[in-house]
Each structure stands twice: as C-alpha cells, then as structure tokens.
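For reference, the structure discussed in these notes is given below.
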Amino acid sequence: MADTRDETDRPGEINARPVPHPLRWVAVGIILLLIAMMISSFVTNPAWNWGFVGEVMNYSPVLEGLVKGTLIGTVGAMILGVTLGIILAIMRLSENPVLRGVAFAYTWFFRAIPRLVLLVMMGSGVAVLYPKLDVGFPFAQQIFGVDNNLMVGSINVNQLSNGIIVGILGLGLSEAAYMAEIARAGIQSVDRGQTEAAQALGMSSGKSMRRIVLPQAMRVIVPPTGNETIAMVKDTSLLSAVPVTMELWYQVGVVANKTYKIVPAYVAGFVWYLIVCSILMVGQAWLERRFGRGFGTSSNSPANRTKFLGMIGGGGK
C-alpha cells in the first residue's frame, strides 16, 4: 500500500523546452546583412583604391614616421608619464601637506589643459619666452652679471622646440597627470593592513611600497594603463602641432596632398593605427591575466576545473 502511494505521488517526466528567442535570430540576420553590404562596398567601390592604400603603407617616409613618431613617441611619453605618475601618486598619498599640494596642483593644471594646446605652446610659445636656458647657480646672472663662473652651460630651446623630444615631453607631462590618478586608485585599493603587516616585519615605507603594495596594485593599474597606452598611440597624431614632421599621420597627409588621392592615403593611416592598437590590445589582455592571477578567476580556469572535478569525486576541499 505504501509503495503504491509513493509511485502515484512521484511527478512525471519534465519535458523542458528552451525559451524561443525569435528576435535574436532577426537581429543576427540584420547584422549579417549589414556586414555583407559593408564588405561588398569595400570590394566593389573603386574609390577605396586598395592597391594605392597598400603602396602608401609601404612608403619609406610613412614607415619612418610610424617608427620615429608614433611608436617611439608613444613609448617615450608612456615611460615618462608612468614614472612621473607613480611619483605623483605617492606624493598625493603622503602625509606631508607640501607634497600633497604640489601633486594636486600638477594634476589640476595638466588635466585642465588640452594636449593639442599644450603641444602648440611647448612647440612655439616656450621658444619665444625662453629661447635659451642657462644652467648654473640660481639668480647668478642677476647678481653677478651675465658672464660668470657660476654658470655651467646653456640649452638652446629653439633647436629643441620643434623635435620629437618636445613632443614626448609634452605628451608625457600630460599623461603623468592621468597616470597619477590611476596609480593612486590602485594603491588605495590595497588594504591598509598589508602595509602595516610589512612594516611590522621591519620593512621601511619605501620597501613595503615596492615589494608589497605596488605588486598588488598592478591588478588595478594595468587595465587603465593599457587603455592610456592605446590612447597615446592615437594622440601622437597631435605631434604635428609641435611641429614634428616625422610622424605617421603627417606623412600620410603629405602623400594625400601630393597625389590628390586623399581617401586612400588617409585609409593607409587608418590601417596602420588599427594594426598597432590591435597588437597593444593583445598585450594588454595578457598583462591583465598575468597580474590578475588569484583575483576573480573565471569558472573555466584550470584550477577551478580541477577543484570541481575533485569535489565530484569526493576529494575536493
């Protein structure tokens, strides 16, 4: 009698069916149609002139501008920006009010000035205001006259004001203001107890920052730094305001003006920017995985799969 009641109370087989999503397939069809139309336009429209695009991409001045202006400019500006940004972030978090004030004033000033305006001023305005910078004892000229033994040397600003050095300096100084805020957010994301534990073990403040705080803060710092690097690649096109002529976008512009093939020449620049930024995005993803190990690992990671299989077999912890 008991067995008969159990069989009748048992629920029947569930015939579950997935929820239909007809609009999803409609959206996929529309997207595929648009992609097909776009590809057809690229192939059939002779105005694109893809043959000339390939020629411009391999022109020696364009390649030289890509290397000397875009790539070297990006690397130099990011090295200066990251280094100075970390120093400013540490100053901003210091207990010294003078250091905090200087770091705040720096970030306020350079975040408020557009990079194009900054590069124009550094390329033309600084040379007018200070055509020559003397290196030596402060106020030696005003006190002892122009020619004295306290002056070590001088820098000709006119010669440096239209080169890649000024461009890197301008972009790097501007980038440092943004990197300071990124580094500050990363340092503050590390629990204060980590620093206290390191100092309890006898580490100095600088040593605990280098070996304990910054390695953990990199998990937060790396993603926005990668975005800033990609943005810097594109911002090197502003170097023509210095002016820096050996730069990718300036060189494709020269080709466009000489050949009167405006669109294909500029498309060559587009393609080079796409290639460089795509490579940087791959590197950014690799760095994010490396510095993000142990934090928020995905469910498909090998460690999680091993743990899951161990739990199924009764051996998981």
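In Å and whole numbers, how far do the C-alpha atoms of segment 146-271 stretch along each principal axis, longest first?
Computed over segment 146-271, the largest-to-smallest principal extents equal 69, 54, 16 Å.
Kindly provide the Kirkwood hydrodynamic radius of segment 1-102 in Å, to one decimal, from all pairs of distinct alpha carbon atoms.
Numbers: mean 1/r = 0.0447 Å⁻¹.
With all distinct Cα pairs of segment 1-102 included, I get 22.4 Å.
Measuring from the lowest to the highest alpha carbon on each principal axis, how far does segment 155-218 reach, largest first, in angstroms?
Cα extents, longest axis first: 53, 22, 12 Å.
For 261, 234, write out the residues from largest to smallest accessible area, computed with a 1.4 angstrom probe and no ligands counted.
Solvent-accessible surface, decreasing: 234, 261.
Return the subset of 68/261; 132/207; 234/258; 68/258; 68/132 for which the Cα-Cα distance in this structure is over 29 Å, preserving the input order.
Pairs exceeding 29 Å: 132/207.
Between residue 25 and residue 121, what is the label-point separation in nm under the 7 Å Cα-to-beta-carbon projection?
The answer from the label model is 6.1 nm.
Looking at the chain, I'd like the Rg to Rh ratio, where Rg is from alpha-carbon atoms and Rh is Kirkwood's inverse mean 1/r.
When Rh is taken as the Kirkwood radius, the ratio is 1.16.
Provide Rg and Dmax in Å for segment 14-168, with only Cα atoms included in the calculation.
28.1, 99
Just grab the label-to-label distance for residue 67 and residue 93, each label 7 Å out from Cα along the Cβ direction, in nm (one decimal).
For residue 67 paired with residue 93, the spin-label model returns 4.0 nm.
Tilt of helix 164-189 relative to the longest C-alpha principal axis of the chain, in degrees (0 to 90, nearest 10)?
40
Of the heavy-atom accessible surface of the chain (probe 1.4 angstrom), what whole percent is carbon and sulfur?
Solvent-exposed carbon and sulfur of the chain make up 66 percent of the total.
Taking only Cα atoms, what is the 0 to 90° angle, nearest 10, from helix 302-312's long axis to the longest principal axis of the chain?
Orientation of helix 302-312: about 20 degrees from the principal axis.
Segment 222-285: Rg/Rh from Cα coordinates, Kirkwood Rh? Write down the numbers at each step before the final one.
Values: Rg = 13.4 Å, Rh = 12.7 Å.
Looking at segment 222-285, the ratio lands at 1.06.
I'd like the accessible area for residue 189, computed on protein heavy atoms only with a 1.4 Å probe and all protein chains in place. Round to 10 Å², please.
Counting only protein heavy atoms, the figure is 60 Å².
What order do 60, 40, 208 take when sorted by accessible area (1.4 Å probe), most exposed first?
Numbers: 60 85, 40 55, 208 0 Å².
These residues rank, largest area first, as 60, 40, 208.
The values are calculated or read from the model by the stated rules, or taken from the named source; none is laboratory data. Note that the structure is a prediction, hence the values are computed from the model and not measured. Cβ coordinates were reconstructed from backbone atoms using ideal geometry, including for glycine residues, and neighbour counts include every protein chain displayed. For the accessible areas, the whole protein counts, side chains as well, though only heavy atoms, and no ligand, DNA or RNA atoms are used. Shrake-Rupley method; radii C 1.70, N 1.55, O 1.52, S 1.80 Å.
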